[in-house]
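Only one structure is covered here, and it is reproduced in the block below.
Each value in this text was obtained by applying a stated rule to the coordinates, not by laboratory testing. Owing to the predicted nature of the structure, the values given are computational and were not obtained by experimental measurement. When we count neighbours, we look across all protein chains shown, and the Cβ atoms used for this are built from the backbone with ideal geometry, even at glycine.
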Amino acid sequence: MTVFLVLGLVGLGVLLLSLVAGDVLDGPFHALEADWISTAALGGFVSAFGFGGAIADGTGAPLPVSLAVGAGSGVVVGWFALWLTRLVKDGPSDGTVSIGDSVGQVAKVITAIPAEGYGVVRVVVGGHPLQLNASAHLPIEAGAQVNVTGVLSPTAVSVTEVWQSPSPE
C-alpha cells in the first residue's frame, strides 16, 4: 500500500508542477513526437494509478486486482487531463486588433475633419476603442457619426458621413 501512496503523491506532484510551470517535462518526450503524451496526462495517470491501487489494496483486494484498479483509474484520469489540456491549448483566443479591422465600422468624430486635412475619430473594434486620424472628402463636424471606408496609413483612415435617410413626411 505504501508504494501505491508514494506513486499517488509523486503523480500529484508532477500534475501540480505541470499546472504551475507548464509542460516543462515534455522535453524528454519530444523525441516520441506523440500528441497524447503531456505532463498533465502523465501526472494524472501516475497519481490516479497510485491512489486507485492504494484504495483497492486498502479494501483487501489481491495485488493483481489492485494493479488493475490502479491502471483503470489511471487511464481514465490521464485521458481526462489530456482532454482538458487540449481544450485549453486549442481553444480560441482574441486576436490583436489592427487598424484594418476598423474598415466598415461606425465611428464618432472627436475632432472636426476639414476638407483638406485630418481630424480624429474613435471607433470600437471587438470591444477595444481605437482613436485614429481621419480624412474625408467633405468637412465633417465633431460629434458626427461616420463610416470607416479605408486605411490610409498605420494611424489614419478615410471616412464618410453616415447616410441618414430623410424622414417621411
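Per-structure values
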| read-out | value |
| --- | --- |
| For Val125, residues with placed amide H under 5 Å, excluding near neighbours | Leu130 |
| Label-point gap, in nm, between Trp163 and Ala21 - each point 7 angstrom along Cα→Cβ | 6.3 nm |
| Chain lengthening between His128 and Leu9 when straightened (0.36 nm per residue, less Cα-Cα) | 38.3 nm |
| Segment Lys108-Glu141, extension gain: residue separation times 0.36 nm, minus the distance between their alpha carbons | 10.9 nm |
| 5 angstrom amide H check on Ala134, placed H, neighbours 5+ away | Gly119, Val120, Val121, Val157 |
